[in-house]
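Report on the structure given below.
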């Protein structure tokens, strides 16, 4: 499912279709949406950061607020994850079970 102005990005094999119910009736995973601008930012990252970002973003489907995540001040639903000198800025909607990646930027530009 895509939201206008957003697109799912395959990140070269990364699957974001984490919505099936697991055996035992557990809660489905969160859907991941990547903003078009964030996908372009991802494509411009150094290769080693891209690999780490891919793994971290994939993990957000299961645990949207992993250890080391910080909530951004002044917002109820914006979070950031550090990847070296880079930051993944994303929004979590628990009601919709959605993680919306907004930016993947160098730390000097991440909070503009």
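Summary table
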{"quantity": "In segment 59-69, the residues that are in contact (Cβ under 8 Å) with a residue 12 or more places away in the chain and more than 13 Å from the chain's Cα centre (by Cα)", "calculated": "68"}
{"quantity": "Matching option when the condition is assigned to a strand (DSSP E or B) and in contact with a strand residue (DSSP E or B) (Cβ under 7 Å, 6 or more places away or on another chain), among 57, 34", "calculated": "34"}
{"quantity": "Subset of segment 1-29 [within 12 Å of the chain's Cα centre (by Cα) and either at pLDDT 95 or above or on the phi > 0 side of the Ramachandran plot (or both)]", "calculated": "11"}
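The values are calculated or read from the model by the stated rules, or taken from the named source; none is laboratory data. Model, not experiment: these values are computed from the prediction. Positions of Cβ are generated from backbone atoms using ideal geometry, with glycine treated the same way; all protein chains shown enter the neighbour counts.
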